[in-house]
Structures are given as C-alpha cells and as structure tokens.
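Just so you know, all these numbers are worked out from the coordinates, no wet-lab data involved. Bear in mind the structure is a predicted one, so any value in this text is a computation, not a measurement. So basically every Cβ, Gly included, is an ideal-geometry build from the backbone, and we count neighbours across all protein chains shown.
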C-alpha cells in the first residue's frame with residue numbers, strides 16, 4: 001500500500017497554502033484544512049454575498065475570505081478545474097453508495113459516456129423520449145419512462161440497465 005504523504009508548499013498567495021499529497025493537490029485557507037473551493041462554491045455557485053460568507057465562516061478572519069476571492073479572480077481557470085474535480089469526486093462517492101457493486105457502477109458510467117457522445121445523433125430521432133441504451137445502441141424507447149421500464153424488464157429481465165431521457169443539455 002502506498003503511503004499518502006503530505007507536503008505543505010510555501011504560501012502561493014496571501015492566506016492560502018497549497019498542500020500536495022501523492023494523490024492530489026489542494027489549495028486551503030492558511031492555518032486550516034478548509035479547501036479554497038468550499039468558499040468559492042458558496043460564493044459563486046450558491047450565490048452568497050460576501051457578508052453571508054463572513055457570517056457562515058465566522059471563525060475565519062475576513063481577510064482570509066477576501067484573499068480566497070481575490071485568488072479566484074486571478075486564477076479562474078485553475079479554480080474552475082478544481083471545482084470540476086471536486087464535483088466529479090463527489091459524484092463518484094454518491095454513485096458508489098447508490099450501486100450494489102463496482103461492476104454495475106462501471107457499466108453505468110461507461111454507458112453514460114457513450115450516451116453523451118451520441119447525444120447529438122440521438123436527439124434527431126429520440127428527442128424527449130426515454131431510451132434503453134447499451135453499447136451505443138438504442139434497444140427500446142418510449143415517451144413514458146414507466147412504460148419503458150416495464151417493457152425492458154419483461155423483455156430483458158432484471159439487470160443493470162441504462163435508461164435516460166434524450167433531451168438537449170441544460171447549459172447554465
């Protein structure tokens with residue numbers, strides 16, 4: 001088993017530290033274990049004001065919060081990548097708790113990637129329909145998800161299956 005060693009690098013910005021481990025690099029608020037991304041997520045994704053942030057994180061000196069926000073504005077692409085990585089890790093943890101075994105999780109992840117790759121073609125024929133999708137092919141479809149589930153269960157039996165609604169992506 002590989003030991004996960006931790007190394008704190010010299011301050012890269014006022015009140016922030018970069019902590020490197022063998023698995024990842026995290027930017028944290030100086031003197032804490034609070035990731036920068038937690039504050040940025042509260043501020044930008046949850047649309048909290050600076051005052052709300054200061055109240056929520058009242059144990060932090062406001063200078064720490066302002067420094068985190070300034071760092072974000074100076075390094076938007078880097079922090080956006082960290083936010084995406086954090087979201088992916090959270091989604092993987094949620095997924096691992098939802099699926100009975102690793103094989104099912106991996107199967108559904110694989111089908112989801114194939115589905116996303118084929119979405120433009122699927123929209124041409126199946127827009128607003130639910131599809132039973134496997135290995136790049138639509139095996140069954142219906143506008144009603146419950147009817148599709150019944151049909152697929154009767155025809156293919158109980159097994160892991162990827163069923164998704166074909167719709168245009170929601171862009172934020």
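In table form, for the structure just shown:
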quantity: Acute angle (nearest 10 degrees) that the helix 76-98 long axis makes with the longest principal axis of the chain, alpha-carbon atoms; calculated: 50
quantity: Pairwise FRET efficiency - residue 49 versus residue 167, Cβ, R0 = 25 Å, nearest 0.05; calculated: 0.15
quantity: The chain: angle of helix 62-74 to the longest principal axis, Cα-based, in degrees nearest 10; calculated: 60
quantity: Gyration tensor (alpha-carbon) shape descriptor, the stretch 102-165, a/c threshold 1.5; calculated: oblate
quantity: Fluctuation leader among 83, 39, 124 - the chain, Gaussian network, Cα springs under 10 angstrom; calculated: 124
quantity: Geometric extent, Cα atoms of the chain - Rg, Dmax (angstrom); calculated: 21.8, 62
quantity: R0 of 22 Å, Cβ-Cβ distance residue 147-residue 106: FRET efficiency to nearest 0.05; calculated: 0.20
quantity: Largest-first principal axis extents of the Cα set of the stretch 6-98 (Å); calculated: 38, 31, 25
quantity: Segment residue 18-residue 38, length gained on full extension (0.36 nm per residue, minus Cα span); calculated: 5.7 nm
quantity: Over the chain: helical MRE at 222 nm, DSSP H runs n ≥ 4 each giving -39500 (n - 2.57), nearest 500; calculated: -16000 deg cm²/dmol
quantity: Order of 22, 104 under a 10 Å beta carbon neighbour criterion, fewest first; calculated: 22, 104
